[in-house]
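Participant: My questions will all concern the structure given below.
The values are calculated or read from the model by the stated rules, or taken from the named source; none is laboratory data. Not measured: the values here are computed from a predicted model. Every residue, glycine among them, receives a Cβ derived from its backbone with ideal geometry; neighbour counts consider all protein chains shown.
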Amino acid sequence: MKKYLSLTLWKKNRLMDVSIYSNPTTGLVTIDGIDTELDNFRILNYLGKDISYLVKTELVNNDKLILDLSRLEKGIYIIKTETTFTKLYK
């Protein structure tokens, strides 16, 4: 069963929709959103250290980003996009 986190935000009078799933994950996480949301994503560990370099990514059609977290240990991580800040459980 996939669990979804869907966020709707307003930024500069523009509606922004971001969906992040599957959470918790066993490895693959998908972020759906517009390309400006996905351009500057970061993954942080529980200490706030940027560990994005450990994660393999695949951009699909400029509106879907697939993250491979298989290299990360089990734990709680933060996914940060342009306008969102989300806890992710692995």
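Participant: Quick check on my filter: what residues within region 22-43 are in a strand (DSSP E or B) and in contact with a helix residue (DSSP H, G or I) (Cβ under 8 Å, 6 or more places away or on another chain)? Explain how you work it out, then say what you get.
Facilitator: As a first pass, look at region 22-43 and keep what is in a strand (DSSP E or B): 28-32, 42-43.
Selection gives ILE31, ARG42, ILE43.
Participant: Next question, about the same structure. Being under 11 Å from the mean Cα position of the chain (by Cα) and of a type in the set (A, V, I, L, M, F, W, C) narrows it down to one of LEU67, LEU54, LEU59, so name that one. Don't jump to the end; show me each part of the working.
Facilitator: Details: LEU54 fails: under 11 Å from the mean Cα position of the chain (by Cα); LEU59 fails: under 11 Å from the mean Cα position of the chain (by Cα).
LEU67 is the lone residue from the list that is under 11 Å from the mean Cα position of the chain (by Cα) and of a type in the set (A, V, I, L, M, F, W, C).
Participant: How many residues are of a type in the set (Ser, Thr, Tyr), more than 8 Å from the chain's Cα centre (by Cα) and farther than 16 Å from ILE34 by Cα if we restrict to region 70-90? Steps first, please.
Facilitator: Of region 70-90, the ones of a type in the set (Ser, Thr, Tyr) are 70, 77, 81, 83-84, 86, 89.
If we keep only those that are more than 8 Å from the chain's Cα centre (by Cα) too, we end up with 70, 77, 83-84, 89.
Going one step further and asking which of them are farther than 16 Å from ILE34 by Cα, we end up with 70, 77, 89.
Summing the residues that are of a type in the set (Ser, Thr, Tyr), more than 8 Å from the chain's Cα centre (by Cα) and farther than 16 Å from ILE34 by Cα in region 70-90 gives 3.
Participant: Could you please find all residues in region 19-54 being among the charged types (D, E, K, R) and out of contact with any strand residue (DSSP E or B) (no Cβ under 7 Å at 6 or more places or on another chain)?
Facilitator: Listed by number, the residues that qualify are ASP35, ASP39, LYS49.
Participant: Name the one entry in LEU38, LEU5, LEU44 that is surrounded by 13 or more Cβ atoms within 10 Å (Cβ to Cβ), out of contact with any Pro (no Cβ under 8 Å at 6 or more places or on another chain) and modelled with pLDDT under 75. I'd like the intermediate steps shown before the answer.
Facilitator: On the way: LEU38 fails: modelled with pLDDT under 75; LEU44 fails: modelled with pLDDT under 75.
Sole residue among the options that is surrounded by 13 or more Cβ atoms within 10 Å (Cβ to Cβ), out of contact with any Pro (no Cβ under 8 Å at 6 or more places or on another chain) and modelled with pLDDT under 75: LEU5.
Participant: Something else about it: Counting only residues that are farther than 16 Å from SER22 by Cα and charged (D, E, K, R), which one in region 59-86 is surrounded by the fewest Cβ atoms within 10 Å (Cβ to Cβ)?
Facilitator: Among those residues, the one meeting the criterion is GLU73.
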